[in-house]
């Protein structure tokens, strides 16, 4: 019988790497909470129509990349290819937008059928921040400031901010007409995808990844030439807020993002440290999405960070892997020692919840258990043998420093261990 294998492009996350993931996720959670954002958890499976209506029919995601299937009732369902649509659906379903504003964050797996390569997988993970019910440019600035603070907290300096405004639906229509006229004049130079999108969604041509299209795309009309007065004022205020916050950015009039629901502000944090997969974080306003999905008009903005790319960039900028090691490893040797050792270990966990204690399981000689203690990375070994059991004492031995072993009574173990830890590094 052949051995089972993982699905291509869907990778296992294994220890010790998961410790680094957890450390970075803690930074994301703490910073989001510090700015007043609450966690939301939404299903990874939604009705396919949700993504067709929100992302747009004429996008690479909907046309080529979604994992879509029929359930047993014949209903078309899709593994989420992004999280914003599901969060908006959850807010609408649960009445979270009725005379309310929401600041939310979410983290979890995303699914897209793409060619697997470094930084691009078929199951990957995103951390997203969403603010619904906020109209002004101040919330746009806040999201960008949060992401900038994330880079600082992780020691990442190899990122640049690109910024643009897509304007209102009316100004986008004017821009669309200009794009169609421009690309019609160069119809013979369009690749197949661009030719198919010319009259269906010409804005997607600007998002072409075909390098042979670059010169043609660079000459196309830009969104900023068609901005309405309100969008122009919104964008100008956002730029002033970022200037005041000391955040450097580049206005990129070609930046459109790959999803149809964006309007006004769009932005990306890009890097040259990850090869072709240069976008680490991207987002923008989606003021029309709630009404597009059947709700009342609600201004909103969000952004997402690809976790796998963030981990790669963290390492590229000198970030060190997190290592999970216990503070103490409990060595228990002898026939009648195991039960009292478990009782003592549980008592320590109750008394000193900040101290992590790993219990030796599986028996073994004193020598083999001490080897396990050393391999665990623990700073201290707690030793309980038959003699200690008879005396109701326990040995405390430093594994990483030249400090003498001491013996203490069971009743004094918590206090003695705390003092022993405090003295480590001062001898």
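Quick rundown of the values:
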quantity	calculated
Checklist (1) closer than 17 Å to residue 262 by Cβ; (2) in the same structural domain as residue 139 (by TED's automatic domain parsing) applied to residue 201, failing item	(2)
Any hit, the stretch 143-156, residues being outside any helix (DSSP H, G or I) and either in the same structural domain as residue 297 (by TED's automatic domain parsing) or closer than 18 Å to residue 304 by Cα (or both)	yes
Those residues of the stretch 310-321 which are surrounded by 15 or more Cβ atoms within 10 Å (Cβ to Cβ) and either outside any loop (DSSP other than H, G, I, E, B) or under 17 Å from the mean Cα position of the chain (by Cα) (or both), in sequence order	310, 311, 312, 313, 314, 319
Which listed residue is out of contact with any strand residue (DSSP E or B) (no Cβ under 9 Å at 6 or more places or on another chain) and within 24 Å of residue 84 (Cα to Cα), from 218, 260, 225	260
Meets criteria (farther than 30 Å from residue 104 by Cβ, surrounded by 15 or more Cβ atoms within 10 Å (Cβ to Cβ) and modelled with pLDDT of 95 or more) for residue 304	no
Members of the stretch 120-133 that are farther than 30 Å from residue 7 by Cα and either surrounded by fewer than 20 Cβ atoms within 10 Å (Cβ to Cβ) or not assigned by TED's automatic domain parsing to the domain that holds residue 242 (or both)	133
Test result for residue 401, farther than 22 Å from residue 415 by Cβ and not in a helix (DSSP H, G or I)	no
Lone qualifier among 336, 374 - being surrounded by fewer than 19 Cβ atoms within 10 Å (Cβ to Cβ) and part of a helix (DSSP H, G or I)	374
Filtered residues of the stretch 177-207 (kept if under 17 Å from residue 254 (Cα atoms), in contact (Cβ under 8 Å) with a residue 24 or more places away in the chain and more than 33 Å from the chain's Cα centre (by Cα))	178, 179, 182, 183
The stretch 126-142: number of residues that are in contact with a strand residue (DSSP E or B) (Cβ under 9 Å, 6 or more places away or on another chain) and in a helix (DSSP H, G or I)	4
Failed item in (1) on the phi > 0 side of the Ramachandran plot; (2) buried (at least 22 other Cβ atoms within 10 Å of the Cβ); (3) modelled with pLDDT of 95 or more, with residue 167 passing the rest	(3)
Test: residue in the stretch 83-98 that is within 19 Å of the chain's Cα centre (by Cα), surrounded by fewer than 20 Cβ atoms within 10 Å (Cβ to Cβ) and either farther than 30 Å from residue 323 by Cα or modelled with pLDDT of 95 or more (or both)	no
Test: residue in the stretch 350-364 that is part of a helix (DSSP H, G or I) and surrounded by 12 or more Cβ atoms within 10 Å (Cβ to Cβ)	yes
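The values are calculated or read from the model by the stated rules, or taken from the named source; none is laboratory data. Bear in mind the structure is a predicted one, so any value in this text is a computation, not a measurement. So basically every Cβ, Gly included, is an ideal-geometry build from the backbone, and we count neighbours across all protein chains shown.
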